[in-house]
Amino acid sequence: MAADTQGTRFDRRKARTRAALIDAARTFIADQGRTDVSIQEITEAADVGFGSFYNHFKDKTELFEAAVETTLAEHAALVDELLAGYDDPAEVFATSVRLTGRLQRAHPATVRILLHSGTSYLLSEHGIAPSVLRDLRAAAADGQFDIDDPELALATVGGAMLGLLQLLEARPEMDAGKAADRLALDLLRMFGLTRKAAEKIVSRPLPELSVS
């Protein structure tokens, strides 16, 4: 029993150290837009020993990749949680766009990391891309969306979403909610919905997005 307890404590301590390193990397990206930092700077920011870095990551590249992947996974989990109970694929798609657009004001650090990752997030299995692709396919299968290539449609959505987030980052006075809703409306219409049908979906209330 004592050995098991000691092992559990060691595992918890190891997990805390890894999390601290990832959080430090995310802070460098979100607050300073930097990845050109030394391992010494990272471990000092994480408040862990220099030598412990290599118990978790082989180099800085692997750490910053983990930091981005963690952020992508958190974004996907947040949207999935907020969309629980939605069953119409077109509404699920539009709502994910509307919520993600609002992230820039509610979770700015997350958005800065998403922007740092660029279009590579479209190919990541850790982020929202697999869910959006699923929703695009489902909406096409039931005849709501007129799209021949869901993966190409995903690339279109991803590029538009990154563009919106970058615009909101540059223009703090811009109404993120209105901009996100407009983008969702335009995407719905591009994928085949009538203006009336698209406006009906985009006018529906959103689940509450917490502010960090």
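Observations, loosely collected:
- Hits among lysines - C-alpha to C-alpha of Lys196 under 27 Å, sequence gap 8 or more where chains match: Lys178
- Sulfur and carbon atoms: percent of accessible area, the stretch 1-117 [1.4 Å]: 48
- For a straight C-alpha distance cut-off of 23 angstrom, the lysines reachable from Lys58 (same-chain residues fewer than eight places away being disregarded) are Lys14.
- Heavy-atom accessible area ranking, 1.4 Å probe, most first, across Leu168, Leu133, Leu123: Leu123, Leu133, Leu168
- In the calculated pair-distance distribution of the stretch 88-139, the portion above 17 angstrom amounts to 41 percent of the Cα-Cα pairs.
- By the rule of a C-alpha distance below 17 Å, with chain neighbours fewer than 8 residues away ignored, the aspartates and glutamates paired with Lys60 are Asp23, Asp36, Glu41, Glu44, Asp47, Glu69.
- Extending 7 Å from the Cα toward the beta-carbon at both Glu199 and Ile39 defines two label points whose distance is 6.0 nm.
- Gyration tensor verdict on the stretch 1-86 (Cα atoms; rounded if a/c is under 1.5, prolate if a/b is larger than b/c, oblate otherwise): oblate
- Computed from backbone phi with θ = phi - 60° and the Karplus coefficients 6.51, -1.76 and 1.60, the 3J(HN,Hα) list for the stretch 8-22 is 5, 5, 5, 4, 5, 5, 5, 5, 5, 5, 4, 4, 5, 5, 5 Hz; x is used for glycine and proline.
- Only the Cβ atoms of Lys and Arg (+1) and of Asp and Glu (-1) were treated as charged; on that basis the dipole of the stretch 123-212 about its Cα centre amounts to roughly 320 debye.
- The modelled label-to-label distance for the pair Glu81/Arg182, using points 7 Å beyond Cα in the direction of Cβ, is 3.1 nm.
- Each residue, Ser131 and Arg171, gets one label point 7 Å from its Cα in the Cβ direction; the gap between the two is 2.7 nm.
- Options Pro130, Met190, Ala46, ranked by Cα towards positive dipole end of the chain, top entry (Cβ charges): Ala46
- Note on the stretch 37-72 and the stretch 153-212: Cα centroid distance 34 Å, given to the nearest whole angstrom.
- Using the 1.4 Å probe convention, the accessible area of the chain works out to 53 Å² per residue with neighbouring protein chains retained.
- Pairs of alpha carbons in the chain whose separation is greater than 32 Å (percent): 27
- Expected 222 nm ellipticity per residue - DSSP helices of 4 or more, -39500 (n - 2.57), all of the chain, to 500: -22000 deg cm²/dmol
- When the alpha carbon gyration tensor of the stretch 81-197 is reduced to an equivalent ellipsoid, the three semi-axes, largest first, read 22, 16, 13 Å.
- Within the stretch 88-151: Cβ-based charge dipole about Cα centre, in debye rounded to nearest 20 (Lys, Arg +1; Asp, Glu -1): 580
- Cα-centre dipole for the stretch 1-90 with unit charges at Cβ (Lys and Arg positive, Asp and Glu negative), debye to 20: 600
The values are calculated or read from the model by the stated rules, or taken from the named source; none is laboratory data. Quick caveat, the model's predicted, so the values are computed rather than measured. Counting neighbours? That spans all protein chains shown, and the Cβs are built from the backbone with ideal geometry, glycine included. Please note that ligands, DNA and RNA were not included when accessible areas were found on the heavy atoms of the full protein model with its side chains. Shrake-Rupley method; radii C 1.70, N 1.55, O 1.52, S 1.80 Å.
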